[in-house]
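Quick notes on the structure that follows.
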Amino acid sequence: MSKKPSFFSRITGNTQEYDDFFEDAAPSHTAHFEGKGEERHAHINTKDETWTPEEPGGELAVDVYQTPDAIVIKALVAGVQPATIDIALTREMLTVSGQRADEREAEDDHYFQRELYWGSFSRTILLPEEVDVDLAEATEKHGILMIRLPKINKKRQTKLKVRSR
């Protein structure tokens, strides 16, 4: 029995199949934050050292908007454990990466359609303004990742007192 072309193959006309590319890439992850100041990272420790963020993967779809005091990024991360999401942040750039593990309930030849993306994903966003990395927050609710990045107030002034020694 010949394998049905994937949804991606049908809409792009691509004959090369990618459905099984990430089949063996489902490691266990734990995340921890490192760093302070201008750069703070959430790192993933992988028990399976064969998985690396540099592997080809999908691009995470995002919404980016601003409020008067922050830049907000929303992304759909349904099916991804929040602890496995890696967020690297500098004042000018944000990278979100992770992996959506496929929990196959049927063999490939039993599927009629396979349109969901499984495997690693990442997205790097150049921020339109500098942000305060120490006050950044990331939350997940109902499969939506929301990252709130407070803007640096460049117009803020303060008074300094001169001390004598």
- Item | Enumeration of residues in region 138-154 that are basic (K, R) and either over 17 Å from A88 (Cβ atoms) or not in a strand (DSSP E or B) (or both) | K141, K151, K154
- Task: Output the number of residues of region 135-165 satisfying the condition of being modelled with pLDDT under 90 and over 15 Å from K74 (Cα atoms).
- Result: 14
- Can you tell me which residues in region 53-73 are exposed (fewer than 15 other Cβ atoms within 10 Å of the Cβ), at pLDDT 90 or above and part of a strand (DSSP E or B)? D63, Y65, Q66, V72
- Mind checking which residues of region 126-144 are of a type in the set (A, V, I, L, M, F, W, C) and surrounded by fewer than 14 Cβ atoms within 10 Å (Cβ to Cβ)? L126, L135, I144
- Message: I need the full set of residues from region 104-137 which are in a strand (DSSP E or B), in contact (Cβ under 8 Å) with a residue 60 or more places away in the chain and within 24 Å of K154 (Cβ to Cβ), in order please.
- Response: I125, V131
- Verdict on T95 being loosely packed, with under 13 Cβ neighbours inside 10 Å, in contact with a strand residue (DSSP E or B) (Cβ under 8 Å, 6 or more places away or on another chain) and modelled with pLDDT of 90 or more: no
- Query: What number goes with the only condition from (1) hydroxyl-bearing (S, T, Y); (2) under 16 Å from A61 (Cβ atoms); (3) surrounded by fewer than 14 Cβ atoms within 10 Å (Cβ to Cβ) that T158 does not pass?
  - Reply: (2)
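The values are calculated or read from the model by the stated rules, or taken from the named source; none is laboratory data. The structure presented is a predicted model; accordingly, all values stated were derived computationally and were not measured. Glycine gets a Cβ as well: all are built from the backbone with ideal geometry, and neighbour counts include every protein chain shown.
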